[in-house]
Amino acid sequence: MSRWEPDGRGRLEQAALALYAERGYDNTTVAEIAERAGVTERTFFRHFADKREVLFAGAGALQELLVSTVANAPESLAPIDAVAVGLEAAGALFQEHRATVCRRAAIIAGTPELRERELIKLASLSAALAGTLCRRGLSGPAASLTAEVGTAIFRIAFERWIADTNDREFARLVRESLDQLKAVTAGE
């Protein structure tokens, strides 16, 4: 190993993404990730529980951003619109890191184990949103329904965003998806 360099965690994340893209998730080892990042395996495990968690390390921060944004949304907003404000805030974060987010999505899409982990993350996100909506005064079943719909809007907008060749912003795709849902439910 060479001398210590800062941002070991960031280098590990970049090394993992590069190796997963080059060799595939299943064909990449923790040892290879650590070597590419210029750290030891021990350092890898100080930052991540396993090689899968490199891809999901930001899930907690994303959930906190969504929950806090929904919690602080104006009370005058309809619950689904408060959720949309949270999704738009997440979209701003995604927009800043578009290339990395798209690489991550492609790696997850190609690996069943990772797709399963992504679904677990989305379920956790939905539960956190439902709890926040309950604290905003929405009944339990209505909060769960709104959170699930919000999570579906998130997923659909995200899929459109990573596939979008027009480079439209994530927040715009969230609003378009929500508007389509409102039109469908209004019978338009």
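At-a-glance table
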read-out: Unmet criterion (only one of (1) without any contact (Cβ under 8 Å) to a residue 40 or more places away in the chain; (2) under 19 Å from the mean Cα position of the chain (by Cα); (3) not assigned by TED's automatic domain parsing to the domain that holds GLU116) for GLU64; value: (3)
read-out: From the options ARG98, ARG168, residue that is over 22 Å from LEU55 (Cα atoms) and surrounded by fewer than 17 Cβ atoms within 10 Å (Cβ to Cβ); value: ARG168
read-out: Selection within region 82-96 - closer than 17 Å to LEU125 by Cα and free of Cβ contacts under 8 Å to residues at least 60 places away in the same chain; value: ALA82, VAL85, ALA89, LEU93
read-out: Flag if THR43 is assigned to a loop (DSSP other than H, G, I, E, B), farther than 26 Å from ILE156 by Cα, polar (S, T, N, Q) and not assigned by TED's automatic domain parsing to the domain that holds LEU114; value: no
read-out: Subset of region 107-135 that is under 13 Å from the mean Cα position of the chain (by Cα), loosely packed, with under 15 Cβ neighbours inside 10 Å and not charged (D, E, K, R) - its residue that is nearest to ALA49 (Cα to Cα); value: ILE120
read-out: Residue match in region 17-32 (condition: modelled with pLDDT of 95 or more, among the polar types (S, T, N, Q) and surrounded by fewer than 16 Cβ atoms within 10 Å (Cβ to Cβ)); value: yes
read-out: Single unsatisfied condition, GLY91 versus (1) modelled with pLDDT under 95; (2) under 25 Å from LYS51 (Cα atoms); value: (2)
read-out: Of all residues making up region 48-61, the number that are surrounded by fewer than 18 Cβ atoms within 10 Å (Cβ to Cβ) and either outside any loop (DSSP other than H, G, I, E, B) or of a type outside the set (Asp, Glu) (or both); value: 8
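Each row is one residue, and each column tells you yes or no for (1) touching a Gly at 6+ places or on another chain (Cβ under 9 Å); (2) basic (Lys, Arg); (3) at pLDDT 95 or above.
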{"residue": "GLU35", "(1), (2), (3)": "no, no, yes"}
{"residue": "THR43", "(1), (2), (3)": "yes, no, no"}
{"residue": "PHE48", "(1), (2), (3)": "no, no, yes"}
{"residue": "LYS51", "(1), (2), (3)": "no, yes, yes"}
{"residue": "ALA61", "(1), (2), (3)": "no, no, no"}
{"residue": "GLU64", "(1), (2), (3)": "no, no, yes"}
{"residue": "VAL67", "(1), (2), (3)": "yes, no, yes"}
{"residue": "ASN72", "(1), (2), (3)": "no, no, yes"}
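The values are calculated or read from the model by the stated rules, or taken from the named source; none is laboratory data. These figures come from a predicted structure and were not determined experimentally. With ideal geometry, Cβ positions are generated from the backbone for all residues, glycine too; neighbour counts draw on all protein chains shown.
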